[in-house]
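The values are calculated or read from the model by the stated rules, or taken from the named source; none is laboratory data. For clarity, every value in this text was computed on a predicted model and none was experimentally measured. Heads up, the Cβs are rebuilt from the backbone with ideal geometry, glycines too, and the neighbour counts pull from every protein chain shown. Accessible surface is based on the protein model in full, side chains and every heavy atom, while ligands, DNA and RNA are left aside. Shrake-Rupley method; radii C 1.70, N 1.55, O 1.52, S 1.80 Å.
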Amino acid sequence: MLWFLVHIVLITFDGMADELANVDVAVVLGNKVELNGEPSARLKSRLDKAVQLSKDGYFQHIIVSGGVGVEGFDEAKVMKKYLIEHGISEENIIVDSNGINTRMTAKNTKEIMKQMGFESAMIITQVYHISRTKLAFSKEGISSVSSAHAEFFDLRDIYSLVREFFAYYRYLW
């Protein structure tokens with residue numbers, strides 16, 4: 001029980017400690033799209049962070065990664081549309097519609113980075129998701145990874161923190 005609590009605290013601190021750096025590409029991980037085709041509040045917060053950091057000059061290119069959710073929308077395409085509406089140039093957005101989970105996002109990102117000649121990436125997701133995402137990227141051989149957390153919190157994040165404890169070790173082993 002003690003290790004569980006310590007790990008939850010470590011995940012939280014790791015997720016909140018943004019590691020901002022100038023990188024070749026940002027990777028925004030997908031999340032729910034509402035029934036009306038708009039990004040959920042959680043997904044908007046990730047995209048808003050990407051817009052902010054792009055405008056601050058941390059990166060030029062952005063990979064949007066997601067799959068088709070139960071709502072029937074391609075998360076990555078919805079994300080691309082949102083970014084364009086918020087001032088990101090279409091030619092700087094790379095769509096990964098096969099990022100159905102964190103592991104696939106890492107695998108697909110590795111391939112995209114290889115094709116584009118990118119060497120460094122910044123992951124943008126929720127606080128609770130950053131540690132496992134960094135682990136997945138490391139396992140794919142992406143060694144230069146920084147991170148930024150979306151500024152959004154709701155009660156579901158407590159459940160997500162608990163889930164991340166088990167998911168992290170599943171990825172580790």
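Here are the numbers:
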| item | result |
| --- | --- |
| Pick from the stretch 1-46, criterion among the small types (Gly, Ala, Ser) and under 25 Å from Ser146 (Cβ atoms), ranking: surrounded by the fewest Cβ atoms within 10 Å (Cβ to Cβ) | Ala17 |
| Selection within the stretch 16-59 - in contact with a His (Cβ under 8 Å, 6 or more places away or on another chain) and of a type in the set (Lys, Arg) | Lys49 |
| Residue satisfying all of: in the stretch 136-164; surrounded by 18 or more Cβ atoms within 10 Å (Cβ to Cβ) and hydrophobic (A, V, I, L, M, F, W, C); nearest to Ala41 (Cα to Cα) among these | Phe152 |
| Filter result for the condition that a residue is of a type in the set (Phe, Trp, Tyr) and in contact (Cβ under 8 Å) with a residue 40 or more places away in the chain, over Phe13, Phe59 | Phe59 |
| Number of the exception - Leu161 against (1) in a helix (DSSP H, G or I); (2) free of Cβ contacts under 8 Å to residues at least 60 places away in the same chain | (2) |
| Selection status of Arg132, in a helix (DSSP H, G or I) and open to solvent by 50 Å² or more (accessible area, probe 1.4 Å) | no |
| Candidate set: the stretch 49-83, residues that are open to solvent by 70 Å² or more (accessible area, probe 1.4 Å) and not in a strand (DSSP E or B); chosen: the one nearest to Ala150 (Cα to Cα) | Gln52 |
